[in-house]
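The structure appears right after this line, and notes come after that.
The values are calculated or read from the model by the stated rules, or taken from the named source; none is laboratory data. Just so you know, these numbers come straight off a predicted model, no measurement behind them. Here the Cβ positions follow ideal geometry from the backbone for every residue, glycine too, while neighbour counts run over all protein chains shown.
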Amino acid sequence: MPISEAIPSGTLAFYSAFDDFETWKRALQAQLPNLKVIHSSEITDPADIHYVLAWKPPENFFAGMTNLRLIINLGAGVDSLVKRQDLPPGIPITRLTDPQMSRMMAGYVLFAVLRHARDIPYFEQAQRRGEWTYRHPRSPEETRVAVLGLGQLGAKAAHELQRQGFRVLGWSRSPAQIEGVECHAGLDTLDTVLEQADILVVMLPLTPQTAGILDRTRLERLPRGAVLINVARGALVDQAALTELLQNGHLGGATLDVFEREPLPAGDPLWSMPNVLITPHLASVAIPSSAATQIAENIMRVSAGQAPENIIDPARGY
Ligand code: NDP
């Protein structure tokens, strides 16, 4: 059946501790008026649920959902979802790939890179001392920025950075091509990329292959004074080693949106380090009005007996 002929009905259950249910409900029903959208707390019989849109649902969430057709991860990172034991087998899982989400992430990365490349932390500290300290700006071409992960978010960020004139290196699992970006692929090339990175931007998914990928040895490969920006997942980086390298001056600074433990515990040394900027995991979020279009498209595809787009591979982990 063509997608346009499918008028999806059925019930979608929503769960997120961070996102507003009513906003999502309105956005989804504007696209699919026949779809019943309920909050998971309203489920009476799990067998009535056909679609799930959820971010980090509680344990046993999927129990009894015998008529489930599609799981939509309310976000880009699926690491917490794919490691669950209670995922119903054979049900496709999709993630959000909203262009506005990529734009918001690219905006954060651009801000963080420019902040370091323009020595803003240095001027912030001088201002606190009441000092007018001139430091001549470098041109962006003199700064090498490496982006690890060239997916939906990483590719957009790399593109925006090269548009600003930075020398951008990219790294991914399979070979990528991005205009103006020197792309490298595979673990064999990682050290070469790290050795050239004045600013390292981490945009990898957390998978069994990438967990702890930036261990002490790899962090030490970064040039002295390099800056690390992590907007992906805290567990990609050895946080204790990172802290020590920031303290001993091997690393010049960091902008961290994600941590091994979130919230970052009170008293963690990172909180009080003058060369570290901390934000509470919000580099990018899903925007209901634009993401609903992609969700509706996938629900229509599934209703028409077709495979959804942006499907993830639980075995690969992203
Ligand atoms: P994608 O799945 O679209 O892309 C992942 C990229 O990483 C691809 O280029 C992939 O390579 C590469 N990659 C995966 N595994 C490896 C590996 N073993 N070695 C080398 N490269 C690898 O992810 P997104 O760009 O959409 O998102 C990246 C991450 O950002 C998410 O997984 C999530 O954790 C995080 N995130 C953080 C947010 C925040 O607010 N802080 C918000 C949203 C997401 P290939 O192209 O070859 O497949």
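Odds and ends about this structure:
Residue-by-condition table, conditions (1) under 20 Å from Gly234 (Cα atoms); (2) modelled with pLDDT of 95 or more; (3) among the small types (Gly, Ala, Ser):
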site	(1), (2), (3)
Thr23	no, yes, no
Val78	yes, yes, no
Ala106	yes, yes, yes
Arg118	no, yes, no
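- Identity of the residue in the stretch 132-173, over 24 Å from the mean Cα position of the chain (by Cα) and not in a loop (DSSP other than H, G, I, E, B), that ends up surrounded by the fewest Cβ atoms within 10 Å (Cβ to Cβ): Glu141
- Inter-residue pairs, beta-carbon under 6 Å, first under 22 Å from Ala286 (Cα atoms) and at pLDDT below 95 and in the stretch 141-166, second outside any strand (DSSP E or B) and not polar (S, T, N, Q), 6+ apart: none
- Residue among Ala240, Ala235 that alone is at pLDDT 95 or above, over 21 Å from the mean Cα position of the chain (by Cα) and under 28 Å from Val285 (Cα atoms): Ala240
- Top-ranked residue of the stretch 159-192 - restricted to ones that are of a type in the set (A, V, I, L, M) and within 10 Å of the ligand (Cβ to nearest atom), ranked as farthest from Ala106 (Cα to Cα): Leu187
- Subset of the stretch 193-217 [charged (D, E, K, R) and near the ligand (Cβ under 7 Å from one of its atoms)]: none
- Inclusion of Val193 among residues that are assigned to a strand (DSSP E or B), in contact (Cβ under 8 Å) with a residue 12 or more places away in the chain and either closer than 18 Å to Gln162 by Cβ or under 20 Å from the mean Cα position of the chain (by Cα) (or both) is not warranted.
- Just one residue in the set Ala292, Ala315, Ala304, Ala296 is farther than 20 Å from Leu204 by Cβ and at pLDDT below 95; that residue is Ala304.
- Summed over the stretch 47-59, residues that are under 16 Å from Pro88 (Cβ atoms) and surrounded by 17 or more Cβ atoms within 10 Å (Cβ to Cβ) total 7.
- Near pairs, Cβ below 6 angstrom, 6+ apart or cross-chain, from the stretch 79-90 (closer than 20 Å to Pro205 by Cβ) to any residue that is charged (D, E, K, R) and surrounded by 15 or more Cβ atoms within 10 Å (Cβ to Cβ): Ser80/Lys56
- Single unsatisfied condition, Phe259 versus (1) more than 20 Å from Gly149 (Cα to Cα); (2) modelled with pLDDT of 95 or more: (1)
- Against the conditions (1) at negative phi; (2) surrounded by fewer than 15 Cβ atoms within 10 Å (Cβ to Cβ), Gly305 satisfies every one except (1).
- Taking the stretch 174-190 as the range and being loosely packed, with under 13 Cβ neighbours inside 10 Å and either among the aliphatic types (A, V, I, L, M) or more than 19 Å from the chain's Cα centre (by Cα) (or both) as the test, the residues that pass are Pro175, Gln177, Glu179, Gly186, Leu187, Asp188.
- Qualifying residue in the stretch 262-269 (condition: more than 15 Å from the ligand (Cβ to nearest atom) and either surrounded by 15 or more Cβ atoms within 10 Å (Cβ to Cβ) or assigned by TED's automatic domain parsing to the domain that holds Leu74 (or both)): yes
- Identity of the residue in the stretch 222-261, within 16 Å of the ligand (Cβ to nearest atom) and β-branched (Val, Ile, Thr), that ends up surrounded by the fewest Cβ atoms within 10 Å (Cβ to Cβ): Val258
- Residue selection: Ala315 fails the criterion of being within 17 Å of the chain's Cα centre (by Cα), within 16 Å of the ligand (Cβ to nearest atom), at negative phi and not in a strand (DSSP E or B).
- Exactly one residue out of Glu182, Glu220 is free of Cβ contacts under 8 Å to residues at least 24 places away in the same chain and either over 22 Å from Asp119 (Cβ atoms) or not in a loop (DSSP other than H, G, I, E, B) (or both): that is Glu182.
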